[in-house]
1. Once neighbouring chains are kept in place and the probe is 1.4 Å, which whole percent of the accessible area of region 333-460 is contributed by carbon and sulfur?
2. Towards the positive end of the charge dipole of region 311-470, with charges on Cβ (+1 Lys, Arg; -1 Asp, Glu), say which of 343, 389, 408 has the farthest Cα.
3. Given +1 on the Cβ of Lys and Arg, -1 on the Cβ of Asp and Glu, and no further charges, what dipole in debye does region 432-588 carry about its Cα centre, rounded to the nearest 20?
4. Give me the percent relative contact order of region 449-503, please, defined on Cα pairs under 8 angstrom at least 6 residues apart.
5. Give the total of Lys-Lys pairs in region 232-372 with Cα-Cα distances below 23 Å; include a pair only if its members are 8 or more places apart or on different chains.
6. Ignoring ligands, DNA and RNA, what accessible area per residue does region 271-384 give at 1.4 Å, in Å²?
7. Distance between Cα centroids, region 547-606 to region 421-464: provide it in whole Å.
8. How many nm separate the modelled label positions at residue 272 and residue 597, each set 7 Å beyond the Cα in the direction of the Cβ?
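The values are calculated or read from the model by the stated rules, or taken from the named source; none is laboratory data. Since this is a predicted model, take the numbers as computed values, not measurements. As a convention, Cβ positions derive from the backbone with ideal geometry for all residues, glycine included, and neighbour counts pool all protein chains shown. Note: areas computed on protein heavy atoms with side chains; ligands, DNA, RNA excluded. Shrake-Rupley method; radii C 1.70, N 1.55, O 1.52, S 1.80 Å.
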Amino acid sequence: MAKEKKLKTTVKKQKPATKNHETSMRPGTKGRGLTGSVSRYPAGNSALKGKVSKVVNSKKNAVTQKTKKKIIPKKATSHIRKNNKVPVKAKRPVPASKITPAKDSVEKVLESYTVCADHVEALVTIVRTEKDYVPIYQLKHPEVTIGTRVLLNTLREELITIVHLSTTEFVDPGALKKVKARFFDKAIQLMERYMPDSSGKQRTVLAGYLIHEMVGLGDIELLLEDPYLEEIVVNSHKEPIWVYHKRYGWLKTDVMLPSEEVIYNYSSSVGRHVGRQITNLAPLMDAHLTTGDRVNATLFPISTDGNTLTIRKFSRSPWTIIHFLEANTLSPETAAILWLAMQYELNILVAGGTASGKTSMLNVLLPFIPPNQRIISIEDTREINLPEYLHWVPFSSRGANPEGKGEVTMLDLLVNSLRMRPDRIIIGEIRRTREAEVMFEAIRTGHSAYATFHADNAEQVYKRLINPPMNLPESVLGALHLIVVQYRHRRRGIRRTTEIAEIISLEEANRLNIIYRWNPRTDKMEKNSKIIRMMNEINMYTGMTETDFEEDIQNKIAVLNWMRKNKVKTIESVGKVFAEYYKNEKRIITLVKKNASVMEVLGSAFSDELLKKSA
(Lines give C-alpha, C1' and ligand atoms only; values in the text may rest on other atoms or scores of the structure.)
Protein backbone atom coordinates (compact mmCIF):
# COMPACT_ATOMS: atom_id res chain seq x y z
CA MET A 1 0.00 0.00 0.00
CA ALA A 2 2.76 2.42 0.88
CA LYS A 3 4.49 1.68 -2.41
CA GLU A 4 1.30 2.30 -4.46
CA LYS A 5 0.66 5.56 -2.59
CA LYS A 6 4.19 6.71 -3.36
CA LEU A 7 3.66 5.87 -7.06
CA LYS A 8 0.50 8.00 -7.29
CA THR A 9 2.27 10.90 -5.66
CA THR A 10 5.07 10.73 -8.22
CA VAL A 11 2.65 10.75 -11.12
CA LYS A 12 0.80 13.79 -9.78
CA LYS A 13 4.06 15.73 -9.67
CA GLN A 14 4.66 15.02 -13.36
CA LYS A 15 1.26 16.26 -14.59
CA PRO A 16 2.03 19.98 -14.60
CA ALA A 17 5.36 19.40 -16.35
CA THR A 18 3.67 17.37 -19.08
CA LYS A 19 1.02 20.02 -19.62
CA ASN A 20 3.51 22.85 -19.81
CA HIS A 21 5.74 20.95 -22.21
CA GLU A 22 2.85 20.15 -24.49
CA THR A 23 1.67 23.76 -24.78
CA SER A 24 5.18 24.98 -25.63
CA MET A 25 5.73 22.59 -28.54
CA ARG A 26 5.40 23.51 -32.22
CA PRO A 27 2.70 21.73 -34.28
CA GLY A 28 3.79 18.34 -35.52
CA THR A 29 6.39 17.72 -32.72
CA LYS A 30 4.23 16.41 -29.85
CA GLY A 31 5.49 12.85 -30.03
CA ARG A 32 9.16 13.85 -29.85
CA GLY A 33 8.64 16.27 -27.02
CA LEU A 34 6.68 13.80 -24.92
CA THR A 35 9.16 11.01 -25.46
CA GLY A 36 11.89 13.32 -24.31
CA SER A 37 10.07 14.06 -20.98
CA VAL A 38 9.70 10.35 -20.15
CA SER A 39 13.34 9.59 -20.84
CA ARG A 40 14.39 11.66 -17.83
CA TYR A 41 13.37 8.84 -15.42
CA PRO A 42 16.10 6.51 -14.18
CA ALA A 43 16.72 3.47 -16.29
CA GLY A 44 15.32 0.15 -15.03
CA ASN A 45 12.17 1.56 -13.34
CA SER A 46 9.81 0.03 -15.92
CA ALA A 47 6.73 0.08 -13.68
CA LEU A 48 7.07 3.81 -13.10
CA LYS A 49 7.70 4.43 -16.78
CA GLY A 50 4.63 2.42 -17.79
CA LYS A 51 2.33 4.24 -15.37
CA VAL A 52 3.53 7.63 -16.56
CA SER A 53 3.06 6.64 -20.21
CA LYS A 54 -0.56 5.66 -19.55
CA VAL A 55 -1.31 8.95 -17.84
CA VAL A 56 0.45 10.98 -20.54
CA ASN A 57 -1.28 9.15 -23.38
CA SER A 58 -4.67 9.60 -21.77
CA LYS A 59 -4.00 13.33 -21.42
CA LYS A 60 -2.76 13.48 -24.99
CA ASN A 61 -5.88 11.74 -26.34
CA ALA A 62 -8.11 14.03 -24.34
CA VAL A 63 -6.42 17.13 -25.72
CA THR A 64 -6.53 15.76 -29.27
CA GLN A 65 -10.24 14.97 -29.07
CA LYS A 66 -10.90 18.41 -27.58
CA THR A 67 -8.96 20.07 -30.41
CA LYS A 68 -10.81 18.09 -33.07
CA LYS A 69 -14.15 19.16 -31.67
CA LYS A 70 -13.10 22.80 -31.78
CA ILE A 71 -11.52 22.82 -35.24
CA ILE A 72 -13.67 20.45 -37.33
CA PRO A 73 -17.26 21.65 -37.82
CA LYS A 74 -20.13 19.20 -37.66
CA LYS A 75 -20.91 19.57 -41.34
CA ALA A 76 -17.34 18.74 -42.24
CA THR A 77 -17.27 15.60 -40.05
CA SER A 78 -20.73 14.24 -40.80
CA HIS A 79 -19.66 12.42 -43.94
CA ILE A 80 -16.64 10.98 -42.09
CA ARG A 81 -18.84 9.47 -39.38
CA LYS A 82 -21.32 8.25 -41.99
CA ASN A 83 -18.69 6.42 -44.03
CA ASN A 84 -17.02 5.24 -40.82
CA LYS A 85 -13.64 6.65 -41.91
CA VAL A 86 -10.86 7.99 -39.73
CA PRO A 87 -10.03 11.67 -40.38
CA VAL A 88 -6.54 12.28 -41.83
CA LYS A 89 -4.23 14.57 -39.88
CA ALA A 90 -3.64 17.88 -41.70
CA LYS A 91 -0.10 18.50 -43.02
CA ARG A 92 1.93 21.59 -42.28
CA PRO A 93 1.18 24.23 -44.97
CA VAL A 94 3.77 24.55 -47.78
CA PRO A 95 5.36 28.00 -48.18
CA ALA A 96 3.95 29.98 -51.09
CA SER A 97 7.39 30.26 -52.71
CA LYS A 98 7.58 26.45 -53.08
CA ILE A 99 4.12 25.99 -54.54
CA THR A 100 4.17 25.26 -58.28
CA PRO A 101 0.68 25.89 -59.68
CA ALA A 102 -0.41 24.97 -63.16
CA LYS A 103 1.99 26.50 -65.65
CA ASP A 104 -0.73 28.11 -67.78
CA SER A 105 -2.08 30.09 -64.82
CA VAL A 106 1.30 31.42 -63.69
CA GLU A 107 3.75 31.61 -66.60
CA LYS A 108 3.31 33.00 -70.07
CA VAL A 109 6.15 32.28 -72.49
CA LEU A 110 6.92 35.41 -74.49
CA GLU A 111 9.77 34.06 -76.59
CA SER A 112 12.21 31.18 -76.75
CA TYR A 113 15.45 30.70 -78.70
CA THR A 114 18.93 29.18 -78.36
CA VAL A 115 22.37 30.74 -77.92
CA CYS A 116 25.79 29.12 -78.14
CA ALA A 117 29.17 30.15 -76.72
CA ASP A 118 32.31 28.04 -77.13
CA HIS A 119 30.28 24.92 -78.08
CA VAL A 120 28.01 25.29 -75.02
CA GLU A 121 24.38 25.63 -76.09
CA ALA A 122 21.68 27.14 -73.89
CA LEU A 123 17.95 27.63 -74.24
CA VAL A 124 16.70 31.15 -73.56
CA THR A 125 13.08 31.41 -72.45
CA ILE A 126 11.48 34.75 -71.61
CA VAL A 127 8.41 34.29 -69.40
CA ARG A 128 5.99 36.58 -67.63
CA THR A 129 4.81 35.40 -64.20
CA GLU A 130 2.09 36.60 -61.85
CA LYS A 131 4.37 37.19 -58.85
CA ASP A 132 7.23 39.05 -60.65
CA TYR A 133 7.10 42.70 -61.65
CA VAL A 134 9.22 42.25 -64.79
CA PRO A 135 9.55 39.32 -67.23
CA ILE A 136 12.07 36.61 -66.34
CA TYR A 137 14.98 35.70 -68.62
CA GLN A 138 15.59 31.98 -68.07
CA LEU A 139 18.88 30.49 -69.23
CA LYS A 140 18.83 26.69 -69.33
CA HIS A 141 21.92 24.70 -70.27
CA PRO A 142 23.10 21.13 -69.51
CA GLU A 143 23.70 20.74 -65.78
CA VAL A 144 27.04 19.41 -64.57
CA THR A 145 26.80 16.87 -61.74
CA ILE A 146 28.84 17.16 -58.55
CA GLY A 147 31.11 14.27 -59.53
CA THR A 148 31.79 15.80 -62.94
CA ARG A 149 32.55 19.17 -61.33
CA VAL A 150 35.16 17.54 -59.12
CA LEU A 151 36.74 15.99 -62.21
CA LEU A 152 36.63 19.34 -64.05
CA ASN A 153 38.43 21.02 -61.16
CA THR A 154 41.16 18.38 -61.43
CA LEU A 155 41.39 18.93 -65.19
CA ARG A 156 41.57 22.68 -64.65
CA GLU A 157 44.59 22.36 -62.38
CA GLU A 158 46.29 20.05 -64.86
CA LEU A 159 45.53 22.40 -67.77
CA ILE A 160 47.23 25.27 -65.93
CA THR A 161 50.42 23.23 -65.69
CA ILE A 162 50.26 21.99 -69.29
CA VAL A 163 49.32 25.20 -71.18
CA HIS A 164 52.00 27.84 -70.74
CA LEU A 165 51.14 31.44 -71.55
CA SER A 166 53.62 34.20 -72.20
CA THR A 167 53.12 37.66 -70.72
CA THR A 168 52.18 38.98 -74.16
CA GLU A 169 49.47 36.34 -74.64
CA PHE A 170 48.15 37.00 -71.15
CA VAL A 171 47.48 40.71 -71.75
CA ASP A 172 47.08 40.90 -75.53
CA PRO A 173 43.37 41.11 -76.41
CA GLY A 174 44.08 39.91 -79.95
CA ALA A 175 45.59 36.67 -78.64
CA LEU A 176 42.52 35.63 -76.64
CA LYS A 177 41.05 33.51 -79.44
CA LYS A 178 44.29 31.61 -79.86
CA VAL A 179 44.57 31.08 -76.10
CA LYS A 180 41.02 29.73 -75.98
CA ALA A 181 41.78 27.35 -78.87
CA ARG A 182 44.88 26.00 -77.10
CA PHE A 183 43.02 25.42 -73.84
CA PHE A 184 40.16 23.78 -75.72
CA ASP A 185 42.40 21.31 -77.60
CA LYS A 186 44.30 20.30 -74.44
CA ALA A 187 41.03 19.93 -72.49
CA ILE A 188 39.67 17.53 -75.13
CA GLN A 189 42.86 15.46 -74.93
CA LEU A 190 42.65 15.20 -71.13
CA MET A 191 38.98 14.20 -71.26
CA GLU A 192 39.73 11.44 -73.73
CA ARG A 193 42.17 10.06 -71.17
CA TYR A 194 40.08 10.55 -67.99
CA MET A 195 36.59 10.13 -69.52
CA PRO A 196 36.95 7.44 -72.23
CA ASP A 197 33.28 6.42 -72.02
CA SER A 198 31.94 9.94 -72.72
CA SER A 199 30.76 10.93 -76.18
CA GLY A 200 32.48 13.49 -78.36
CA LYS A 201 29.64 15.98 -77.86
CA GLN A 202 29.82 15.64 -74.08
CA ARG A 203 33.56 16.29 -74.10
CA THR A 204 33.08 19.32 -76.34
CA VAL A 205 30.47 20.83 -74.02
CA LEU A 206 32.55 20.18 -70.90
CA ALA A 207 35.59 21.72 -72.58
CA GLY A 208 33.46 24.78 -73.30
CA TYR A 209 32.55 24.99 -69.60
CA LEU A 210 36.23 24.90 -68.71
CA ILE A 211 37.01 27.68 -71.20
CA HIS A 212 34.27 29.88 -69.67
CA GLU A 213 35.59 29.36 -66.15
CA MET A 214 39.31 29.67 -66.91
CA VAL A 215 39.62 32.44 -69.53
CA GLY A 216 36.06 33.75 -69.75
CA LEU A 217 33.31 35.22 -67.61
CA GLY A 218 31.42 32.04 -66.67
CA ASP A 219 27.71 32.05 -67.52
CA ILE A 220 28.02 35.67 -68.66
CA GLU A 221 29.68 34.30 -71.80
CA LEU A 222 26.33 32.81 -72.85
CA LEU A 223 24.59 36.15 -72.25
CA LEU A 224 27.20 37.92 -74.37
CA GLU A 225 26.29 35.66 -77.30
CA ASP A 226 22.61 36.64 -77.19
CA PRO A 227 22.18 39.04 -80.15
CA TYR A 228 19.04 40.60 -78.61
CA LEU A 229 20.74 41.88 -75.44
CA GLU A 230 22.05 45.43 -75.20
CA GLU A 231 23.10 45.56 -71.55
CA ILE A 232 24.25 42.99 -68.98
CA VAL A 233 24.28 44.20 -65.36
CA VAL A 234 25.65 42.56 -62.20
CA ASN A 235 24.58 44.53 -59.11
CA SER A 236 26.04 42.12 -56.53
CA HIS A 237 26.20 38.39 -55.85
CA LYS A 238 23.04 38.66 -53.71
CA GLU A 239 20.68 39.27 -56.62
CA PRO A 240 20.28 37.83 -60.13
CA ILE A 241 21.95 39.34 -63.18
CA TRP A 242 19.79 41.85 -65.06
CA VAL A 243 19.75 42.27 -68.85
CA TYR A 244 18.28 44.80 -71.25
CA HIS A 245 16.50 43.08 -74.14
CA LYS A 246 15.86 44.88 -77.44
CA ARG A 247 12.22 43.74 -77.48
CA TYR A 248 11.21 43.50 -73.82
CA GLY A 249 13.39 46.07 -72.02
CA TRP A 250 14.84 45.23 -68.60
CA LEU A 251 14.58 41.56 -67.63
CA LYS A 252 15.63 39.70 -64.49
CA THR A 253 17.57 36.52 -65.21
CA ASP A 254 17.82 33.31 -63.21
CA VAL A 255 21.65 33.53 -63.31
CA MET A 256 23.47 34.41 -60.08
CA LEU A 257 27.17 34.71 -59.38
CA PRO A 258 28.42 32.78 -56.31
CA SER A 259 30.40 35.51 -54.52
CA GLU A 260 31.74 39.06 -54.59
CA GLU A 261 35.19 37.63 -55.22
CA VAL A 262 34.01 36.16 -58.52
CA ILE A 263 32.71 39.56 -59.65
CA TYR A 264 36.04 41.14 -58.73
CA ASN A 265 37.96 38.44 -60.62
CA TYR A 266 35.85 39.00 -63.74
CA SER A 267 36.40 42.78 -63.55
CA SER A 268 40.11 42.36 -62.99
CA SER A 269 40.38 39.93 -65.92
CA VAL A 270 38.61 42.36 -68.27
CA GLY A 271 40.84 45.24 -67.21
CA ARG A 272 44.02 43.19 -67.51
CA HIS A 273 43.41 42.50 -71.21
CA VAL A 274 43.19 46.23 -72.06
CA GLY A 275 45.82 47.60 -69.71
CA ARG A 276 43.43 48.80 -66.99
CA GLN A 277 43.31 47.85 -63.32
CA ILE A 278 40.73 47.95 -60.55
CA THR A 279 41.84 47.91 -56.92
CA ASN A 280 40.74 49.26 -53.55
CA LEU A 281 42.76 52.40 -54.30
CA ALA A 282 41.19 52.72 -57.76
CA PRO A 283 37.72 51.14 -57.33
CA LEU A 284 36.26 52.53 -60.58
CA MET A 285 37.16 51.15 -64.00
CA ASP A 286 36.13 51.84 -67.60
CA ALA A 287 37.33 49.22 -70.06
CA HIS A 288 36.17 47.16 -73.02
CA LEU A 289 36.04 43.52 -74.04
CA THR A 290 37.98 42.11 -76.97
CA THR A 291 34.69 42.17 -78.90
CA GLY A 292 34.46 45.96 -78.45
CA ASP A 293 31.72 45.85 -75.81
CA ARG A 294 32.07 48.60 -73.19
CA VAL A 295 32.61 47.58 -69.54
CA ASN A 296 32.21 49.57 -66.32
CA ALA A 297 33.14 48.06 -62.94
CA THR A 298 32.99 49.29 -59.33
CA LEU A 299 34.11 47.77 -56.05
CA PHE A 300 32.63 47.68 -52.55
CA PRO A 301 32.37 49.93 -50.52
CA ILE A 302 32.09 52.55 -53.31
CA SER A 303 29.09 50.54 -54.50
CA THR A 304 27.60 49.95 -51.07
CA ASP A 305 25.64 46.78 -51.89
CA GLY A 306 28.54 44.90 -53.46
CA ASN A 307 30.80 44.81 -56.52
CA THR A 308 29.14 45.75 -59.80
CA LEU A 309 29.80 44.98 -63.46
CA THR A 310 27.99 46.67 -66.36
CA ILE A 311 28.55 45.54 -69.95
CA ARG A 312 27.18 47.60 -72.85
CA LYS A 313 26.97 45.26 -75.82
CA PHE A 314 27.49 46.40 -79.37
CA SER A 315 26.09 44.61 -82.38
CA ARG A 316 28.28 41.76 -83.65
CA SER A 317 27.07 42.66 -87.14
CA PRO A 318 27.71 46.43 -87.29
CA TRP A 319 24.81 48.76 -88.00
CA THR A 320 24.75 50.54 -91.36
CA ILE A 321 22.74 53.46 -92.70
CA ILE A 322 20.37 50.98 -94.40
CA HIS A 323 19.50 49.39 -91.03
CA PHE A 324 18.61 52.87 -89.75
CA LEU A 325 16.41 53.53 -92.80
CA GLU A 326 14.60 50.21 -92.36
CA ALA A 327 14.00 50.99 -88.67
CA ASN A 328 12.72 54.46 -89.63
CA THR A 329 15.36 56.02 -87.36
CA LEU A 330 15.85 58.70 -90.01
CA SER A 331 14.49 59.40 -93.50
CA PRO A 332 16.33 58.95 -96.82
CA GLU A 333 16.42 62.74 -97.26
CA THR A 334 18.08 63.40 -93.89
CA ALA A 335 20.47 60.48 -94.49
CA ALA A 336 21.47 62.07 -97.80
CA ILE A 337 22.07 65.43 -96.06
CA LEU A 338 24.38 63.76 -93.52
CA TRP A 339 26.14 61.84 -96.31
CA LEU A 340 26.84 65.14 -98.09
CA ALA A 341 28.14 66.70 -94.86
CA MET A 342 30.50 63.76 -94.26
CA GLN A 343 31.69 63.80 -97.86
CA TYR A 344 32.69 67.48 -97.66
CA GLU A 345 34.32 67.19 -94.19
CA LEU A 346 31.90 69.23 -92.08
CA ASN A 347 32.22 68.90 -88.29
CA ILE A 348 29.37 66.99 -86.64
CA LEU A 349 28.34 66.46 -83.01
CA VAL A 350 25.85 63.64 -82.29
CA ALA A 351 23.81 64.34 -79.14
CA GLY A 352 21.17 62.45 -77.20
CA GLY A 353 20.23 60.85 -73.88
CA THR A 354 21.47 57.59 -72.39
CA ALA A 355 21.16 54.62 -74.78
CA SER A 356 19.54 56.82 -77.44
CA GLY A 357 21.87 55.51 -80.17
CA LYS A 358 24.53 58.26 -80.22
CA THR A 359 27.50 55.93 -80.72
CA SER A 360 25.53 53.79 -83.17
CA MET A 361 24.68 56.88 -85.23
CA LEU A 362 28.34 57.94 -85.25
CA ASN A 363 29.38 54.43 -86.33
CA VAL A 364 26.78 54.58 -89.10
CA LEU A 365 27.97 57.98 -90.39
CA LEU A 366 31.70 57.25 -90.44
CA PRO A 367 31.57 54.74 -93.37
CA PHE A 368 30.55 57.75 -95.53
CA ILE A 369 34.21 58.82 -95.27
CA PRO A 370 36.09 57.96 -98.50
CA PRO A 371 38.26 54.84 -97.94
CA ASN A 372 41.40 56.65 -99.13
CA GLN A 373 41.42 58.97 -96.09
CA ARG A 374 43.15 58.26 -92.76
CA ILE A 375 41.02 58.23 -89.61
CA ILE A 376 42.30 58.52 -86.03
CA SER A 377 40.01 58.04 -83.03
CA ILE A 378 40.88 59.32 -79.55
CA GLU A 379 38.74 58.05 -76.66
CA ASP A 380 38.78 57.61 -72.91
CA THR A 381 36.94 54.30 -73.23
CA ARG A 382 36.97 52.46 -76.54
CA GLU A 383 33.49 52.62 -78.15
CA ILE A 384 34.00 53.41 -81.82
CA ASN A 385 34.04 50.31 -84.02
CA LEU A 386 34.69 50.89 -87.73
CA PRO A 387 34.79 48.43 -90.64
CA GLU A 388 38.12 46.93 -91.62
CA TYR A 389 38.22 48.48 -95.10
CA LEU A 390 38.67 51.98 -93.63
CA HIS A 391 42.15 53.34 -92.90
CA TRP A 392 41.63 53.66 -89.14
CA VAL A 393 43.97 53.91 -86.12
CA PRO A 394 42.24 53.81 -82.68
CA PHE A 395 43.78 55.42 -79.58
CA SER A 396 42.69 55.19 -75.95
CA SER A 397 43.87 57.36 -73.04
CA ARG A 398 45.36 55.90 -69.86
CA GLY A 399 45.19 56.96 -66.23
CA ALA A 400 48.14 57.22 -63.87
CA ASN A 401 49.34 54.20 -61.88
CA PRO A 402 49.23 54.13 -58.02
CA GLU A 403 52.53 56.01 -57.99
CA GLY A 404 51.05 58.81 -60.11
CA LYS A 405 53.07 57.95 -63.21
CA GLY A 406 52.30 56.74 -66.73
CA GLU A 407 49.24 58.91 -67.45
CA VAL A 408 48.45 59.55 -71.13
CA THR A 409 45.70 62.14 -71.63
CA MET A 410 43.47 62.70 -74.65
CA LEU A 411 45.30 65.97 -75.31
CA ASP A 412 48.61 64.04 -75.40
CA LEU A 413 47.10 61.68 -77.96
CA LEU A 414 45.79 64.60 -80.04
CA VAL A 415 49.22 66.26 -80.14
CA ASN A 416 50.74 62.93 -81.15
CA SER A 417 48.09 62.27 -83.82
CA LEU A 418 48.90 65.53 -85.59
CA ARG A 419 52.27 63.97 -86.49
CA MET A 420 50.46 61.00 -88.10
CA ARG A 421 48.83 62.97 -90.94
CA PRO A 422 45.17 62.24 -90.16
CA ASP A 423 42.37 63.36 -92.49
CA ARG A 424 39.60 62.89 -89.90
CA ILE A 425 39.75 62.86 -86.10
CA ILE A 426 37.10 61.20 -83.92
CA ILE A 427 36.99 62.28 -80.27
CA GLY A 428 34.44 59.75 -79.00
CA GLU A 429 32.23 60.96 -76.16
CA ILE A 430 32.52 64.46 -74.69
CA ARG A 431 31.78 64.28 -70.95
CA ARG A 432 34.02 66.95 -69.47
CA THR A 433 35.71 70.18 -70.44
CA ARG A 434 38.94 68.48 -71.47
CA GLU A 435 37.23 66.35 -74.17
CA ALA A 436 35.44 69.42 -75.56
CA GLU A 437 38.74 71.32 -75.66
CA VAL A 438 40.38 68.39 -77.45
CA MET A 439 37.65 68.32 -80.11
CA PHE A 440 37.78 72.05 -80.87
CA GLU A 441 41.57 71.97 -80.74
CA ALA A 442 41.44 69.31 -83.46
CA ILE A 443 39.11 71.52 -85.52
CA ARG A 444 41.49 74.48 -85.09
CA THR A 445 44.31 72.40 -86.56
CA GLY A 446 42.34 72.08 -89.81
CA HIS A 447 40.84 68.61 -89.36
CA SER A 448 37.18 67.64 -89.46
CA ALA A 449 36.15 66.20 -86.09
CA TYR A 450 33.26 64.08 -84.82
CA ALA A 451 32.04 63.28 -81.31
CA THR A 452 29.01 62.35 -79.19
CA PHE A 453 27.48 64.44 -76.41
CA HIS A 454 24.80 64.07 -73.71
CA ALA A 455 21.89 66.45 -74.36
CA ASP A 456 18.21 66.15 -75.31
CA ASN A 457 18.10 68.75 -78.10
CA ALA A 458 20.31 71.10 -80.11
CA GLU A 459 19.59 74.09 -77.87
CA GLN A 460 20.75 72.13 -74.80
CA VAL A 461 23.96 71.21 -76.61
CA TYR A 462 24.68 74.84 -77.37
CA LYS A 463 23.91 76.06 -73.83
CA ARG A 464 25.94 73.31 -72.14
CA LEU A 465 28.99 74.06 -74.25
CA ILE A 466 29.04 77.84 -73.68
CA ASN A 467 28.12 77.77 -69.96
CA PRO A 468 30.06 76.43 -66.93
CA PRO A 469 31.59 73.99 -66.34
CA MET A 470 32.63 73.68 -70.03
CA ASN A 471 32.46 77.42 -70.66
CA LEU A 472 33.68 77.42 -74.26
CA PRO A 473 33.82 80.80 -76.04
CA GLU A 474 31.10 81.33 -78.62
CA SER A 475 33.72 82.16 -81.21
CA VAL A 476 35.18 78.67 -80.76
CA LEU A 477 31.76 77.01 -80.99
CA GLY A 478 31.24 78.57 -84.39
CA ALA A 479 33.63 75.97 -85.83
CA LEU A 480 30.96 73.29 -85.32
CA HIS A 481 28.74 72.83 -88.38
CA LEU A 482 25.99 70.32 -87.54
CA ILE A 483 24.29 68.89 -84.45
CA VAL A 484 22.38 65.60 -84.85
CA VAL A 485 20.06 64.71 -81.94
CA GLN A 486 19.04 61.14 -81.12
CA TYR A 487 16.05 60.12 -78.98
CA ARG A 488 14.96 56.84 -77.41
CA HIS A 489 11.21 56.39 -76.90
CA ARG A 490 11.09 53.88 -74.02
CA ARG A 491 7.36 53.18 -74.09
CA ARG A 492 7.27 52.49 -77.83
CA GLY A 493 10.69 50.85 -77.90
CA ILE A 494 11.99 52.96 -80.81
CA ARG A 495 14.94 55.26 -81.51
CA ARG A 496 14.62 58.32 -83.70
CA THR A 497 16.69 61.20 -85.02
CA THR A 498 14.68 64.15 -83.70
CA GLU A 499 16.68 67.17 -84.87
CA ILE A 500 19.35 68.16 -87.36
CA ALA A 501 20.59 71.69 -86.68
CA GLU A 502 23.35 73.88 -88.03
CA ILE A 503 25.21 76.61 -86.15
CA ILE A 504 25.26 79.85 -88.10
CA SER A 505 28.20 82.09 -87.16
CA LEU A 506 27.34 85.75 -86.77
CA GLU A 507 29.47 88.73 -85.69
CA GLU A 508 27.78 89.18 -82.31
CA ALA A 509 26.69 85.63 -81.47
CA ASN A 510 25.97 82.26 -83.05
CA ARG A 511 22.47 81.17 -84.02
CA LEU A 512 20.91 77.71 -84.20
CA ASN A 513 19.07 76.81 -87.39
CA ILE A 514 16.90 73.67 -86.98
CA ILE A 515 16.85 72.20 -90.49
CA TYR A 516 14.84 69.03 -89.79
CA ARG A 517 12.64 68.08 -86.84
CA TRP A 518 10.84 64.83 -86.01
CA ASN A 519 7.04 64.93 -85.83
CA PRO A 520 5.92 62.34 -83.22
CA ARG A 521 2.32 62.35 -84.52
CA THR A 522 3.28 61.23 -88.02
CA ASP A 523 6.57 59.58 -86.99
CA LYS A 524 8.36 61.39 -89.82
CA MET A 525 11.22 63.84 -90.19
CA GLU A 526 9.90 67.15 -91.52
CA LYS A 527 11.86 70.04 -93.00
CA ASN A 528 11.75 72.94 -90.57
CA SER A 529 13.82 75.61 -92.32
CA LYS A 530 16.10 76.25 -95.28
CA ILE A 531 19.71 74.99 -95.22
CA ILE A 532 21.96 78.07 -94.99
CA ARG A 533 25.46 77.55 -93.61
CA MET A 534 26.01 74.05 -94.97
CA MET A 535 25.13 75.17 -98.49
CA ASN A 536 27.31 78.29 -98.22
CA GLU A 537 30.32 76.30 -96.96
CA ILE A 538 30.06 73.69 -99.74
CA ASN A 539 29.55 76.44 -102.34
CA MET A 540 32.65 78.25 -101.09
CA TYR A 541 34.95 75.24 -101.55
CA THR A 542 33.33 73.41 -104.50
CA GLY A 543 31.39 76.07 -106.43
CA MET A 544 28.14 74.05 -106.19
CA THR A 545 25.04 76.14 -106.82
CA GLU A 546 21.74 75.62 -105.01
CA THR A 547 20.49 73.62 -108.02
CA ASP A 548 23.60 71.43 -107.97
CA PHE A 549 23.13 70.96 -104.22
CA GLU A 550 19.53 69.75 -104.61
CA GLU A 551 20.47 67.46 -107.51
CA ASP A 552 23.26 65.88 -105.48
CA ILE A 553 20.86 65.25 -102.59
CA GLN A 554 18.36 63.55 -104.93
CA ASN A 555 21.10 61.36 -106.42
CA LYS A 556 22.17 60.23 -102.96
CA ILE A 557 18.54 59.48 -102.04
CA ALA A 558 18.27 57.32 -105.18
CA VAL A 559 21.41 55.36 -104.19
CA LEU A 560 20.15 54.80 -100.63
CA ASN A 561 16.70 53.66 -101.86
CA TRP A 562 18.33 51.25 -104.32
CA MET A 563 20.49 49.78 -101.53
CA ARG A 564 17.45 49.39 -99.29
CA LYS A 565 15.41 47.75 -102.06
CA ASN A 566 18.18 45.26 -102.90
CA LYS A 567 19.03 44.50 -99.23
CA VAL A 568 22.55 45.88 -99.57
CA LYS A 569 23.11 46.46 -95.85
CA THR A 570 26.15 44.51 -94.66
CA ILE A 571 29.06 46.71 -93.61
CA GLU A 572 31.28 45.40 -96.43
CA SER A 573 28.70 45.78 -99.21
CA VAL A 574 27.64 49.25 -98.03
CA GLY A 575 31.27 50.33 -97.93
CA LYS A 576 31.78 48.93 -101.44
CA VAL A 577 28.87 50.99 -102.80
CA PHE A 578 30.25 54.18 -101.23
CA ALA A 579 33.77 53.42 -102.51
CA GLU A 580 32.44 52.86 -106.06
CA TYR A 581 30.41 56.07 -105.75
CA TYR A 582 33.51 58.13 -104.91
CA LYS A 583 35.48 56.36 -107.66
CA ASN A 584 32.93 56.89 -110.46
CA GLU A 585 29.88 58.81 -109.32
CA LYS A 586 28.22 59.07 -112.76
CA ARG A 587 28.41 55.31 -113.36
CA ILE A 588 26.78 54.43 -110.02
CA ILE A 589 24.02 57.04 -110.50
CA THR A 590 23.28 55.71 -114.00
CA LEU A 591 23.12 52.08 -112.79
CA VAL A 592 20.93 52.97 -109.83
CA LYS A 593 18.45 55.00 -111.89
CA LYS A 594 17.97 52.14 -114.37
CA ASN A 595 17.50 49.78 -111.39
CA ALA A 596 20.53 47.63 -112.19
CA SER A 597 21.18 44.35 -110.34
CA VAL A 598 23.55 43.96 -107.42
CA MET A 599 25.87 41.97 -109.73
CA GLU A 600 26.26 44.95 -112.10
CA VAL A 601 26.97 47.43 -109.31
CA LEU A 602 29.09 45.40 -106.87
CA GLY A 603 30.42 42.49 -108.92
CA SER A 604 30.14 38.74 -108.37
CA ALA A 605 32.06 38.53 -105.06
CA PHE A 606 29.80 40.88 -103.13
CA SER A 607 26.69 39.58 -104.91
CA ASP A 608 27.41 36.00 -103.80
CA GLU A 609 28.11 37.20 -100.25
CA LEU A 610 24.74 38.98 -100.06
CA LEU A 611 22.94 35.90 -101.37
CA LYS A 612 24.55 33.73 -98.66
CA LYS A 613 23.67 36.14 -95.84
CA SER A 614 20.10 36.63 -97.07
CA ALA A 615 19.67 32.82 -97.19
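1. Carbon with sulfur: 44 percent of the solvent-accessible area.
2. 408
3. For region 432-588, the charge dipole is close to 1200 debye.
4. 30 percent
5. Lysine pairs satisfying the spacing and distance rule in region 232-372 number 5.
6. Counting only protein heavy atoms, the per-residue value for region 271-384 is 33 Å².
7. 31 Å
8. About 5.4 nm, to one decimal.
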